[in-house]
Amino acid sequence: MTQCCINPSILSADFVNLEAELGRIANADAVHVDVMDNHFVPNLTIGLPVVQRLQQVSPVPLDAHLMIAEPDRWAPSFADAGLASVTFHVEAAAAPIKLARELRARGSKAGMALRPATPVEPYLDMLTELDMLLIMTVEPGFGGQSFLDVTLPKIRRARRAVEDAGVKVAIQVDGGISEDTIARAAEAGANVFVAGSAVYGAEDPQAAIESLRAAATAAFA
């Protein structure tokens with residue numbers, strides 16, 4: 001059975017104590033690192049030097065989500081930092097197939113993200129070039145938003161395409177994932193879940209991770 005993964009987002013963590021915050025989610029499958037440049041999205045978070053340091057101290061793999069302009073130029077450096085997975089937005093990429101191949105060549109899994117209103121169909125022929133497809137379930141840029149149910153049909157179509165193509169491509173969802181919404185996303189076909197406040201807002205983040213993983217696994221099955 002396909003594994004359901006929980007990747008907590010450090011966007012909801014205490015930025016003053018990121019190493020300690022990573023330790024609080026040591027049972028996660030990966031940590032989701034939101035990189036925003038105040039150009040592609042109207043928010044500014046952290047950049048490559050901080051991510052490089054996180055890579056050195058994290059007890060779990062790093063899964064970078066690059067919400068940045070010019071990912072063709074910048075994304076390969078994140079792969080060079082040793083990250084397990086690097087995801088770029090197709091809306092910002094000039095040559096997404098070339099970029100996905102470059103990320104893989106540098107040792108990272110290649111992920112491609114789509115905003116809520118971006119259709120998945122034009123990119124289905126690219127599935128063989130990807131390790132993960134990230135379907136945003138909120139508008140990218142800020143944490144704490146409500147899950148957009150309008151994205152569920154797109155998740156279903158993506159899952160169907162992955163199964164029909166016979167490729168091992170994870171379908172990740174990011175935005176508004178909680179105990180209330182994770183089952184709906186999993187039933188639609190997502191198997192990797194980014195959760196921010198649902199994990200870091202919990203009294204026991206590791207218990208929250210286990211609870212989310214169990215709910216997702218049951219619904220995905």
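A few points about this structure:
- For the range 144-179, the set of residues classified as free of Cβ contacts under 8 Å to residues at least 12 places away in the same chain and either of a type in the set (Asp, Glu) or touching a Lys or Arg at 6+ places or on another chain (Cβ under 7 Å) (or both) consists of Glu163, Asp164, listed by residue number.
- Test result for Glu139, touching a Pro at 6+ places or on another chain (Cβ under 7 Å), assigned to a loop (DSSP other than H, G, I, E, B) and not hydrophobic (A, V, I, L, M, F, W, C): yes
- Residues of the range 118-149 that turn out to be surrounded by 14 or more Cβ atoms within 10 Å (Cβ to Cβ) and either among the basic types (Lys, Arg) or on the phi > 0 side of the Ramachandran plot (or both), as a count: 1
- When we screen Arg106, Arg159 for residues that are over 26 Å from Val51 (Cα atoms), buried (at least 18 other Cβ atoms within 10 Å of the Cβ) and not hydroxyl-bearing (Ser, Thr, Tyr), the only hit is Arg159.
- Selection count, the range 11-32, where residues are touching a residue at least 40 places away in the same chain (Cβ under 8 Å) and not acidic (Asp, Glu): 10
- For the range 46-77, the tally of residues that are surrounded by fewer than 21 Cβ atoms within 10 Å (Cβ to Cβ), over 15 Å from Ser108 (Cα atoms) and not hydrophobic (A, V, I, L, M, F, W, C) stands at 7.
- Among residues of the range 38-69 being assigned to a loop (DSSP other than H, G, I, E, B) and of a type in the set (A, V, I, L, M), the one that is farthest from Ala113 (Cα to Cα) is Val60.
- Listed conditions (1) of a type outside the set (A, V, I, L, M, F, W, C); (2) in contact with a helix residue (DSSP H, G or I) (Cβ under 9 Å, 6 or more places away or on another chain); (3) outside any loop (DSSP other than H, G, I, E, B); (4) farther than 13 Å from Leu134 by Cα are all met by Gly111, apart from (4).
- Identity of the residue in the range 161-196, charged (D, E, K, R) and farther than 16 Å from Ala219 by Cα, that ends up farthest from the chain's Cα centre (by Cα): Asp164
Every number here is computed from the coordinates shown, using simple stated rules; none is lab data. The shown structure was predicted, so the numbers you read here are calculated from the model rather than taken from an experiment. Quick reminder, even Gly has a Cβ in these numbers, built from the backbone with ideal geometry, and neighbours come from all protein chains shown.
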